[in-house]
1. In deg cm²/dmol, rounded to 500, what helix-only [θ] at 222 nm does chain A give when every DSSP H run of at least 4 residues adds -39500 (n - 2.57) and the total is split over its residues?
2. Quick one: putting +1 on the C-beta of Lys and Arg, -1 on the C-beta of Asp and Glu, what dipole do you get for chain A around its Cα centre, in Debye to the nearest 20?
3. May I ask for the percentage of alpha-carbon pairs in the protein assembly as shown that lie more than 40 Å from each other?
4. Run the dipole for segment B:77-148 about the Cα centre, Lys and Arg Cβ at +1, Asp and Glu Cβ at -1, nothing else charged, and hand back the magnitude in debye, nearest 20.
5. Efficiency by 1/(1 + (r/R0)^6): what FRET value for B:LYS94 and B:ARG124, r their Cβ-Cβ distance, R0 = 35 Å, to the nearest 0.05?
6. Could you work out the mean count of beta carbons from other protein chains within 10 Å of each residue's beta carbon in B:130-137?
7. So for B:ILE137, A:ILE65, fewest C-beta neighbours within 10 Å to most, what's the order?
8. Counting residues in segment B:197-236 as N, plug N into 2.2 N^0.38 Å and put the Cα Rg over that result.
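Please treat every number below as a calculation from the coordinates, not as lab data. Given the structure is predicted, the values throughout are model-derived calculations rather than measurements. In this analysis, Cβ positions are derived from the backbone assuming ideal geometry, glycine residues included, and neighbour counts consider all displayed protein chains.
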Amino acid sequence: MSESLAGKTAIVTGSSKGIGKAIALSLARSGVKVTLAARHREGLDPAEKEIRDNGGQCIAVRADISEEADVARLIETSTKAFGTVDILVNNAGHGIFSKVADSSVEEFDGMMKVNLRGVYLCCKAVIPIMTQQKSGAIINIASLAGKNSFVGGAIYSATKWGLIGFSRSLMLEVRDSNIRVVSICPGSVNTSFSDHSKDSEKIIQPQDVADTVLFALSMPARSNVSEIDIRPTINPRS
Amino acid sequence: MSKSIVWITGASRGIGAAIASAFAAEGAHVILTGRDVPALQKKSREIQDLGGEASWLRCDVQLERSVNITRKTISKKFGKVDVLINNAGVTYFKPFEKTTVRDFDHVLATNLRGVFLTEKSVLRAMMKRKNGVIVNILSVSAITTFRNSSAYSASKAGALALSRGLRAEVRRSGVRVIDILPGAVETNMWDRKERKKYHAKMMQPEDVAEIVVAAVRSPKRLLTEEIVLRPIAGDL
């Protein structure tokens, strides 16, 4: 029922560290040929080496996804290396948390550019490829900040609410072409508890999000998991 | 999953039966409950014939007494409930104007009050053991507007709110509450004419079952809270 990922190709944005890197490593372990993308070269090299040392196939492209030309080059380099794009993971994200009154216009523009414009540009670039091959998956790493509200999160929340809205509409547009659009909403910002403990049991780990990406990608062919909300169970005693 | 006790309501057919088969294939002991005894027997035998461990009990989730007796019988005969799957559900596809008070009561009593009763019956033991999973098979109608489904949508939206509240209360006790919100699945909730017309667009019960098993199997420290599941081929 579920499709195997081996032999597929993926682009993961923001993959030089954190969640993006964990996703890229997990995909590579499943036999996916991965294109790593990030703004800075220095983080990309170790990530690329780690995947190759583990027997995975990957290339790394330096790209600022909020720039149209960079996105075009990213997709071109990736398709030249691996033939096509089966999976796009829009993971690159930018968050600065401050009250609106204390925020700067540069902060607003910076978050909008990466969290929304960047996702739009990447989707726009891969949809023709996926439409032509009548298959594909777009995974957007949103956030539970895209469903909840909290002090200091107005701008970040706005980008993630926007991203979820974008994903929902895009899903309706492209599913006829057998393209899945999935929003994964990790609860990295927990608004219902004042206790922001650094206890690792209580905070989502990059690998948890990576596992959820694989979970969403391995679903039965007839179904499209369109949204998944994940948070730590919070069980300090386990 | 091996040796886990998984109680599935509404398990005689459709999504519930598929979930029972899927957990049995993972080595769980599945307890199928519902109102249709011959269908429960048939499905249980089918699982047993494939080498799975299955038992069945008659249970009407509308009745508090029936739910409590079922839970007690499971504990006594088979062991503590590790996983509860609230799958039993009913609907009437009718405009609001044609929906009778009886229809409304039946839908709410099964889809909302039934979930409350089964959850309540297993909760104390799960919290004491600091372990347990409750999965609610809801519907996208809990978050999307459809015609001819007002009572059904109300029951599912109510069950979603109930679950969210319960989850917030029990997550620190290590009890995980997972909500699955599927779009159209080909079951006999739909009449034959619609199933024929929309067959290509509908998901199959096995698709939902696979997702439920995957969500329950995810590491205990990570809680997959809500999963929205739509047919890739488009809405009806």
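1. Taking each H run of at least 4 residues, the total per residue is -13000 deg cm²/dmol.
2. That gives chain A a dipole magnitude of about 400 debye.
3. 22 percent
4. 380 debye
5. After rounding, the FRET efficiency stands at 0.40.
6. 1
7. The order, fewest Cβ neighbours first, is A:ILE65, B:ILE137.
8. Normalised by 2.2 N^0.38 Å, the Cα Rg of segment B:197-236 equals 1.43.
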